[in-house]
Amino acid sequence: MAVQQLKAAYLQIARLALVAGTVLLLAAGCRKSDVPAPKREPVNPAPQTVIMYLPWSGNLYSYFLKNIEDARTAVARNILHDSRLLVFLQTSATEGSLREFYCEDGTCREETLHTYEDLDVTQAAEIEQLFKDFTEAAPAERYGMVIGSHGMAWIPAPGSASAALLRSGKDLPAPEKWHWEYVSPDGQFTRWFGDGSTRCTNTTTFAEAIAATGLHFDYILFDDCFMSSIEAAYDLRHITDYLIASPCEVMAYGYPYDLILPYLFAENGTGYDLEGICRCFYEFYEEYEAPDYNCGAIAVTVCKELEEMAAVIKRINEASPAYVADPERPLQQYEYLYHPTRFYDFGDYVHQLCDDAALLAEFDAQLARTVPEQYRLHTEYFYSNGKRLIETYSGISTSAPSTSPYVTDDIGQTAWHRATH
């Protein structure tokens, strides 16, 4: 169905918002009530299982319901074949369910596999148990995951206060709102990863929990703001081959799953099409509620290239003086709500940091391998409390040049910073 045909149906539910990702809201360890297994007998193991992970995110719940309805539309077209789609949805901060969607006679049907009570989304051990439930419910030769929530790249939980500042006992700066708490002059709000406040966990905790399960994803698709971040990607590099995400904010509507899911179940359900996913997202947002809100940016990070990228950046840091902002050539920034800004374009930053032509050529070549150009797609503008022009775009952000105390007191503890300094 053309995007214009979808527009009227989406208008009621999908105004905008934005997605980001440091802090992950992860529904985990809890009391579990098993539900009788489906009567049908799926292929075991399946060629592929995709997990649609929708933890409690407060004001995004209605958007999640629309996302699920769109997923049902796609499944009814018999896109899964012998592969499987699981949907984990929290209905409150403490309750949730795991369901499987499948096609039968041209209709999307579902089976409830587990229900959960007393969810606690902050502990790695509990996250680990939850994902073990997923893989035991639908074993497969390969796995993909979609995470829908709010987000803040690598920046630590809890809340919007710096974890290091809290540990140090220093005076905190004036409290800030998260970007999803703002209501813009035109009534829009933003999407984030996690529910904010105390029910969040860090990217490092999430990576630790997934690694403990022995599970490895072919890809993780973040339907959250700011998750295409070099610091966050480095945290997650061992648990997935690819990260599909945006370096800036994402509209609250998120990904159009009726259009996207066929690309997640390409090749008769056995594969996935990264370029198709990115192209579909871009084309959808080119027309989304134009001319006011047609904003969207996406990219793919190839995780096996991140170690070499870190080595290149370490050489650049060793050869370069400390970064000094040029008032006449401001960096491309990816948000306009935090002061000072927390997220800048990674490529733009490196080109302003380094004046060694040979090192820059080496960086550009490595960037092309790490964030391939065919996956770096964006509309002319992104949205952050209004439309903002994209003048340069490498597809991935960094917080390195930020002077925000919420960044400077913690970034030195990140694995990325340690690897590059």
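The values are calculated or read from the model by the stated rules, or taken from the named source; none is laboratory data. In this text, all values refer to a predicted model and were calculated from it rather than measured experimentally. With ideal geometry, Cβ positions are generated from the backbone for all residues, glycine too; neighbour counts draw on all protein chains shown. Side chains included, ligands, DNA and RNA excluded: accessible areas come from the protein's heavy atoms. Shrake-Rupley method; radii C 1.70, N 1.55, O 1.52, S 1.80 Å.
Looking at GLU308, GLU286, which is the one that is under 22 Å from ASP235 (Cα atoms), of a type in the set (Asp, Glu) and either over 18 Å from the mean Cα position of the chain (by Cα) or crowded, with 21+ Cβ neighbours inside 10 Å (or both)?
Only one candidate qualifies: GLU308.
Name the residues in the range 355-367 that are of a type in the set (A, V, I, L, M, F, W, C) and surrounded by 14 or more Cβ atoms within 10 Å (Cβ to Cβ), would you? Break it down into steps so the answer makes sense when it comes.
Keep residues of the range 355-367 that are of a type in the set (A, V, I, L, M, F, W, C), which gives 357-361, 363, 365, 367.
Residues satisfying the conditions are LEU359, LEU360, PHE363, LEU367.
If we only count helices (runs of 4 or more DSSP H) wholly inside the range 173-291, which ones have 2 or more residues that are at pLDDT 90 or above and over 22 Å from LYS304 (Cα atoms)?
On the way: elements: 203-213, 230-236, 257-264, 274-287.
So the answer is 257-264, 274-287.
Of the residues SER399, SER384, which is modelled with pLDDT of 95 or more and buried (at least 22 other Cβ atoms within 10 Å of the Cβ)?
SER399
Yes/no per residue for (1) surrounded by fewer than 19 Cβ atoms within 10 Å (Cβ to Cβ); (2) closer than 28 Å to TYR242 by Cβ:
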{"site": "PHE64", "(1), (2)": "no, yes"}
{"site": "SER83", "(1), (2)": "no, yes"}
{"site": "GLY106", "(1), (2)": "yes, no"}
{"site": "GLN123", "(1), (2)": "yes, yes"}
{"site": "PHE131", "(1), (2)": "no, yes"}
{"site": "GLU136", "(1), (2)": "yes, yes"}
{"site": "PRO139", "(1), (2)": "yes, yes"}
{"site": "GLY144", "(1), (2)": "no, yes"}
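Hey, among the residues in the range 402-421 that are touching a Pro at 6+ places or on another chain (Cβ under 8 Å) and over 18 Å from CYS225 (Cα atoms), which one's most open to solvent (accessible area, probe 1.4 Å)?
Looking at residues that are touching a Pro at 6+ places or on another chain (Cβ under 8 Å) and over 18 Å from CYS225 (Cα atoms), I get THR403.
For residues in the range 315-333 being of a type outside the set (Val, Ile, Thr) and assigned to a helix (DSSP H, G or I), which is farthest from ILE155 (Cα to Cα)?
Residue satisfying both the conditions and the ranking: ALA319.
Quick one: which helices (runs of 4 or more DSSP H) sit completely within the range 334-421 and have at least 2 residues that are within 22 Å of ASP241 (Cβ to Cβ) and free of Cβ contacts under 8 Å to residues at least 12 places away in the same chain? Show your work before the answer.
Values: elements: 346-353, 357-370, 405-408, 415-420.
Result: 357-370.
In the range 235-283, how many residues are at positive phi and open to solvent by 10 Å² or more (accessible area, probe 1.4 Å)?
The number of residues fulfilling the criteria is 2.
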